[in-house]
1. May I have the extent of the alpha carbons of the chain along their three principal axes, as whole Å values ordered from largest to smallest?
2. With runs of 4+ DSSP H residues as the only contributors, calculate the mean residue ellipticity of the chain at 222 nm using -39,500 (n - 2.57) per run, divided by the residue total and rounded to the nearest 500.
3. For the range 1-42, go through all pairs of different Cα atoms, get the mean of 1/r, take its inverse, and jot down that Kirkwood value in Å.
4. Tell me the net charge near Val134. Cut-off is 11 Å between Cβ atoms, Val134 excluded, with +1 for each Lys or Arg and -1 for each Asp or Glu.
5. Using every pair of alpha-carbon atoms in the range 27-105, split the distances into 10 Å bins beginning at 0 and state the percent of pairs per bin, rounded to integers.
6. For Lys72, go through the aspartates and glutamates and keep the ones whose alpha-carbon is under 16 Å away, minus same-chain ones fewer than eight residues off.
7. Below 25 Å, Cα to Cα, which lysines can Lys84 reach? Residues fewer than 8 away in the same chain don't count.
8. What number comes out for the charge environment of Val93, summing +1 per Lys or Arg and -1 per Asp or Glu over other residues with Cβ under 15 Å away?
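No value in this document is a laboratory result; all are computed from the given coordinates. A quick note: this is a predicted structure, and the numbers were derived from the prediction, not measured. Here the Cβ positions follow ideal geometry from the backbone for every residue, glycine too, while neighbour counts run over all protein chains shown.
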Amino acid sequence: MDVLYTAAVTTNGREGRTVSSDGQLDLALAMPPALGGNGRGTNPEQLFAAGYAACFASSLGLIGREAKIDTKDVSVSAEVSIGKDDTGFGLAVTLRVELPDSLTGETGTRLVEQAHQLCPYSKATQGNIPVELVVE
């Protein structure tokens, strides 16, 4: 791989702080109430969801530009779930892609599927965790 950028972040666990090497990210971490925490901070699932949604939206934009299709009104929401599986804990993702009326139907579905093939987060999760694509 020809590396274009490397993000470096340091954290001290699910309840503490997470800080990027450039200082742009500096967040309190806390367990969500659903997992017994106080919820007074973000958590790894929210951070993963934010990264995945942003990356997927960018991939969809690139696919759209290459196909000369306007994707500026597309919105991507990622839902990252954590739960117990047969090895301890696991993740699952639902990506909800809201398309404008001009992209409904086969064209929109095709763009979303192509973005799923291009997106580095989708590639990283493929075969590792379930990812459901929902086109709305």
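1. So the extents along the principal axes, rounded to whole Å, are 45, 35, 28.
2. My calculation for the chain gives -10000 deg cm²/dmol from helical runs alone.
3. Details: mean 1/r = 0.0869 Å⁻¹.
The Cα-based Kirkwood calculation yields 11.5 Å.
4. Details: positive: Arg96; negative: Glu79, Glu98, Glu132, Glu136.
Around Val134, the surrounding residues sum to -3.
5. In whole percents, the pair-distance histogram is 17, 37, 26, 16, 4.
6. Filter leaves Glu98, Asp101, Glu136.
7. Correct list for Lys84: Lys123.
8. Here the charged neighbours net out to -2.
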